[in-house]
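Scroll down for the structure; my scribbles are underneath it.
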Amino acid sequence: MAVLRGEAHAYLHAGGMNEWDTCAPVGVALAAGLHASRIDGSPCAFNQADVKMPDLLICRPELAKTLLAAIAAEQAPDD
């Protein structure tokens with residue numbers, strides 16, 4: 001909620017959670033016009049057979065593209 005209040009630019013969690021840990025923050029963030037996705041940019045999916053939510057990014061929408069690109073670059077194998 002620090003992102004929603006303007007106290008932080010982004011929230012990134014890549015340590016694994018369950019969907020019930022993320023569904024309310026994602027719903028509130030999206031309703032407020034923020035970006036919320038998995039760290040690969042895919043949408044968060046709920047009510048799945050597997051309740052694991054491996055990662056989450058919530059941020060101001062104007063930062064999403066830059067943050068997702070930086071995450072992807074960091075995760076890319078070294079050449």
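Brief remarks follow.
- Positive-end residue of Ile39, Ala72, Cys59, charge dipole of the chain with Cβ unit charges: Cys59
- The candidates Ser42, Ser37, arranged from most to least accessible area with a 1.4 Å probe in the full protein assembly, appear as Ser42, Ser37.
- The portion of the accessible surface of the chain made up by carbon and sulfur, rounded to a whole percent, is 57 (1.4 Å probe; DNA, RNA and ligands excluded).
- A probe of 1.4 angstrom, applied to the heavy atoms of all protein chains, finds His35 with accessible area near 40 square angstrom.
- The accessible-area ordering, largest first, of the residues Asp40, Asp55 stands as Asp40, Asp55, per a 1.4 angstrom probe.
- Cβ-defined net charge surrounding Arg60, 15 Å radius [Lys, Arg +1; Asp, Glu -1]: 0
- Taking label positions 7 Å along the Cα-Cβ direction at both Glu74 and Met17, the computed distance is 1.6 nm, reported to one decimal.
- Cleavage-rule hits (GluC sites (Glu not before Pro)) in region 1-66: DSSP loop, at most 15 neighbouring Cβ within 10 angstrom: Glu7
- Entry comment: accessible area of region 6-79 is 64 Å² per residue, from protein heavy atoms only and a probe of 1.4 Å.
- Once you divide the Cα radius of gyration of the chain by 2.2 N^0.38 Å, the number left is 1.09.
The values are calculated or read from the model by the stated rules, or taken from the named source; none is laboratory data. Only a predicted model underlies this, so the values are computations on that prediction, with no experimental measurement involved. Counting neighbours? That spans all protein chains shown, and the Cβs are built from the backbone with ideal geometry, glycine included. Each accessible area value is taken on the protein alone, full model and side chains, heavy atoms only, with ligands, DNA and RNA left out. Shrake-Rupley method; radii C 1.70, N 1.55, O 1.52, S 1.80 Å.
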